[in-house]
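The structure under discussion appears below in the form of structure tokens.
Only the coordinates and a few stated rules stand behind these numbers; no lab work does. Quantities reported herein were computed from a predicted structural model and do not represent experimental measurements. Cβ placement follows ideal geometry from the backbone for every residue including glycine, while neighbour counts extend to all protein chains displayed.
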Amino acid sequence: MATDWQLVDLESGRTVVEALELADGYWSRLVGWQLRRRPADGHGLLLVPCSSIHTCLLRFELDLALLDGAGRVIAVRKGIRPWRAILPTRRTHAILELPSGAIEMRPEQTLRVSGPKGRPLPKSLQFLRG
């Protein structure tokens with residue numbers, strides 16, 4: 001799924017996710033990237049609100065960034081294999097999924113959303129507003 005939204009590192013201004021897919025409803029969060037092919041590097045799936053995930057029916061490994069309600073990276077998890085669960089953590093508001101090996105984030109890094117001018121920001125992305 002193509003998207004016009006990107007995630008940018010607040011401090012450096014560097015784009016960390018070129019094509020951000022949003023999963024902000026019950027069904028889209030439940031299904032996520034299940035049964036899909038591995039996305040291209042630069043693509044990410046943001047599950048919001050979300051404090052835990054499962055990797056059932058995934059066909060590839062994931063890297064994860066757990067974000068708080070201010071868009072700060074709380075934790076990074078790499079190489080999560082299919083059929084695993086990442087349990088809830090305190091303060092986690094959203095989880096960013098990336099194909100394994102694609103994550104270039106660190107804890108305490110702050111992310112902001114960027115997109116086309118004039119296009120309204122979805123309510124679920126308001127916490128990433130710059």
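Worth pointing out:
- Kirkwood-based shape ratio for the chain, expressed as Rg/Rh from alpha carbons: 0.92
- Counting only Cβ charges, +1 for Lys and Arg and -1 for Asp and Glu, the dipole size of the chain around its Cα centre is about 260 debye.
- The residue list H43, T92, V113 was ranked by how far each Cα lies along the charge dipole of the chain toward its positive end, using unit charges on Cβ atoms, and T92 comes out on top.
- Gain in span if fully extended, L30 to T3, counting 0.36 nm per residue against the direct Cα distance: 7.8 nm
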